[in-house]
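> Pasting a structure here, questions to come.
The values are calculated or read from the model by the stated rules, or taken from the named source; none is laboratory data. In this text the structure is predicted, and so the values were computed from the model without any measurement. We place every Cβ from the backbone using ideal geometry, glycine too, and count neighbours over all the protein chains shown.
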Amino acid sequence: MSEVTGRNKLNRFLRYKMRVIVGERMLIGNFLAFDRHMNIVLSNCEEYRQIRSKKNQKEIKEEKRMLGLIIVRGETIVSMSVEAPPPKKDTRPLQKKTNTIGVSQPMGRGISVTGVKSGLSSNIVGIGGPSTSSMFPQNGLNSGSFQGMNFRK
């Protein structure tokens, strides 16, 4: 049989609803995490205390207090036991995409995102310079001449 370490045993109970007894207090909450010192984290935690009245020592009153998210020091834990298994995952189907009231849709701008093809755009008025299509070298020019200019020795 395989040996089960304490850490593996506790990993099995993550997300379970656990009962932790600490001194005279009982804590019930969802077991989220632990560390090597046995400090534990409980969410949605409720604390139950049994209080004896000062006048009548036999009368025991139980107080309940909602704590929320807490960390319990491992040194103070007397015992831990399982209250309930973890909640089932939500198996409802996701909402289908429809155009109805209450369902948001992305807004379109009506303009294509692609830019203008090269060679179809012209110069912008007020900004000098030739268009990009007129800057390409022409066929048939000698390597030493540029549009009527000769650089000969």
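> Can you confirm whether region 62-73 contains a residue that is modelled with pLDDT of 95 or more, surrounded by 11 or more Cβ atoms within 10 Å (Cβ to Cβ) and part of a loop (DSSP other than H, G, I, E, B)?
yes
> Could you list all residues from region 41-56 that are surrounded by 13 or more Cβ atoms within 10 Å (Cβ to Cβ) and of a type outside the set (Ser, Thr, Tyr)? Don't jump to the end; show me each part of the working.
Our first condition is that a residue be surrounded by 13 or more Cβ atoms within 10 Å (Cβ to Cβ); within region 41-56, this holds for 41-49.
Listed by number, the residues that qualify are VAL41, LEU42, ASN44, CYS45, GLU46, GLU47, ARG49.
> If you don't mind, another one. Of the residues in region 74-86, how many are part of a strand (DSSP E or B) and either among the small types (Gly, Ala, Ser) or more than 14 Å from LYS17 (Cα to Cα) (or both)? Write out each step before concluding.
Here is the first cut: in region 74-86, the ones part of a strand (DSSP E or B) are 79-84.
Next, only the ones that are either among the small types (Gly, Ala, Ser) or more than 14 Å from LYS17 (Cα to Cα) (or both) stay: 79, 81, 84.
Residues meeting the conditions: 3.
> Follow-up. Could you check region 15-29 and list, in sequence order, the residues that are without any contact (Cβ under 8 Å) to a residue 40 or more places away in the chain and closer than 17 Å to ALA84 by Cβ? So that I can check it myself, show each step before the final result.
Quick first cut of region 15-29, residues without any contact (Cβ under 8 Å) to a residue 40 or more places away in the chain only: 24-26.
Residue satisfying the conditions is MET26 alone.
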